[in-house]
Amino acid sequence: MAGGGLVEALIEAFQCLPGVGPKTARRMTYHLLERDRDGARRLARALTQAAERVGHCRRCRNLTESEVCALCADPQRDARLLCVVESPADVAAIAGGTAYRGHFFVLMGRLSPLDGIGPEDIGLDVLERRLEEAGLEEVVLATNPTVEGEVTAHVIAEMSRARGLRVTRIARGVPVGGELEYADASTLEEALEARREY
Amino acid sequence: MRVEREPACVLHTRPWRETSLLLEVLTPGHGRVGLIQRAARGGRRAPAARPFRLLRMDWRGRGDLPTVTQAELLEPFPGLTGLAAVCGLYVNELTLRLLPRGLPVPELFPVYCRSLTELGHGAPPDVVLRRYELHLLRALGYAPVLERDARGRAVSARGRYRYDRERGLVPVPAGGGGPLISGDTALALANGRLGNAAQRREARDLLRHLLDPLLGERPLHSRALLHRLQAARRNESS
Ligand SMILES: [Zn+2]
């Protein structure tokens, strides 16, 4: 190892990021150390603070450093609608890219029996309590159009119907086999508008 | 080893290394096979290998995990949504858990395909699942004898039996362990014609009695999910 010590340690550390192999990690390291020390310090601070203080919102399970996240706490949002998604990236895509003004619930995954991922692993017990809250009328299922996303949608639909809630599923303007977070804003917008009874 | 143009149903996929997929597929000639599908190079992508799809595949390589060299989509099993999808996953999980790699299953394969097709078309899931379980047991060499009793006499439709794992159908009250099963259920299961709720329940208990020792301690996650859904249904209607 030519550099050794701290440089190699940083290169190694970058490789915990998805899609980052040794080459990219090396490029990132050299960039930060040679051209952008300030950026490096900001990144280090943000990482430390986030890693220590970010947890899950008590109501929607999204990432936040507060007990209840900003979306859940926003009185302007429509309390009658609850959109269930797989990941925080899906919340960002829908909240930022569409006219949807309701609330969210983030599963942080999907049911995948063959991988041993069951209802508790995706917070269905928390969701169950959320479904009991007064004022809720409609559950919008926005899990991905994969086999596991479909199974997850079905189980949540049954839980919601048992409580007399209206259940809709976003339309599949989303490319088949595609993941929500990669759909463009207008596709997402159409998919939400055209959501159907489920 | 080199295999060409083998029909393959995708049981499960999981990420492999950075950009590849590990596929578990069911084929007629090679049984259950684990395959590595590398990320497609260039712009054109290979047909997505996902559960509930029938592909035609070529693969090549030594050892446990050969590499897919060609894949073409023959047929997606349509309509596997909602409860049908959960049942489809149960079929896949059961197959993955019980069928060892490399055991050819020319007879089970068409039953697998038929099961997914029927689930997609809204056939009663329990009837489809019982037939598949029976054929899977047969492929593994654990098929129950359903038309003759423990003494070799023809099973009577009006008879009552217990199914003893060692001995087979033992007439009641002659003794023996295992679940109770009526003669007409045994014959209906053998002929693939399960009828009323009582027959379906007896068939379910019998097949579970036969499957559970093979499954061992580890739970079947998709079965737990099916139970959860059934329980929710019952609460709702009551
Ligand atoms: Zn929240």
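The values are calculated or read from the model by the stated rules, or taken from the named source; none is laboratory data. Note that the coordinates shown come from a computational prediction; the quantities given were computed from them, not determined experimentally. Using ideal geometry, Cβ is built from the backbone for each residue, glycine included, and neighbour counts are taken over all protein chains shown. With ligands, DNA and RNA removed, areas are computed over all heavy atoms of the protein, side chains included. Shrake-Rupley method; radii C 1.70, N 1.55, O 1.52, S 1.80 Å.
Brief remarks on what is shown
- For chain B, the Kirkwood hydrodynamic radius comes to 19.4 Å, computed from all pairs of different C-alpha atoms.
- Computed from the Cβ-Cβ distance with R0 of 56 Å, the FRET efficiency linking A:A171 to B:S20 stands at 0.95.
- Average accessible surface area per residue within chain B, 1.4 Å rolling probe, Å²: 51 Å²
- Residue with peak Gaussian network fluctuation, chain A [Cα springs, cutoff 10 Å], from A:M28, A:M108, A:M159: A:M28
- Taking every protein chain into account, the accessible area of the stretch A:74-169 amounts to 33 square angstrom per residue (probe 1.4 Å).
- Using heavy atoms of the protein chains and a probe of 1.4 Å, the accessible area assigned to B:D184 is about 60 Å².
- Note, ³J(HN,Hα) from phi for the stretch A:117-123, Karplus 6.51, -1.76, 1.60, rounded to Hz, x at Gly and Pro: 9, x, x, 5, 5, 10, x
- Comparing A:I122, A:G96, A:V147 along the charge dipole axis of the stretch A:74-169, the residue lying farthest to the positive side is A:G96, per the Cβ-charge model.
- When Rg and Dmax are taken over the Cα atoms of the stretch A:5-53, they come to 11.0, 31 Å.
- Under the membrane-span-like helix rule (DSSP H runs whose alpha carbons stretch at least 27 Å along the helix axis, mean Kyte-Doolittle hydropathy 0.0 or higher), chain B yields none.
- On a per residue basis, the convex hull of the C-alpha atoms belonging to the stretch B:133-219 measures out at 96 Å³.
- Under-5 Å amide H pairs with A:I117, H placed in peptide plane, nonlocal only: A:S112
- Accessible area of the stretch A:74-169 belonging to carbon and sulfur atoms, whole % at 1.4 Å probe: 48 percent
- Calculated over the stretch A:74-169: convex hull of Cα atoms, volume per residue (Å³): 93 Å³
- Quarter of the Cα convex hull surface for the stretch B:1-116, i.e. its orientation-mean projected area (nm²): 7.3 nm²
- Share of carbon and sulfur in the accessible area of the stretch A:5-53 stands at 57%, probe radius 1.4 Å.
- P(r) of chain A over all Cα-Cα pairs, binned every 5 Å from zero, in whole percent: 1, 7, 13, 16, 16, 13, 10, 9, 7, 4, 2, 1, 0, 0
- 20 Å-binned pair-distance histogram of the protein assembly as shown (Cα, whole percent): 21, 46, 27, 5, 0
- Note on B:H227: accessible area approximately 80 square angstrom, rounded to 10, probe 1.4 Å, nucleic acids and ligands left out.
- Using Cβ point charges alone (K and R +1, D and E -1), the dipole size of chain B about the Cα centre works out to roughly 200 debye.
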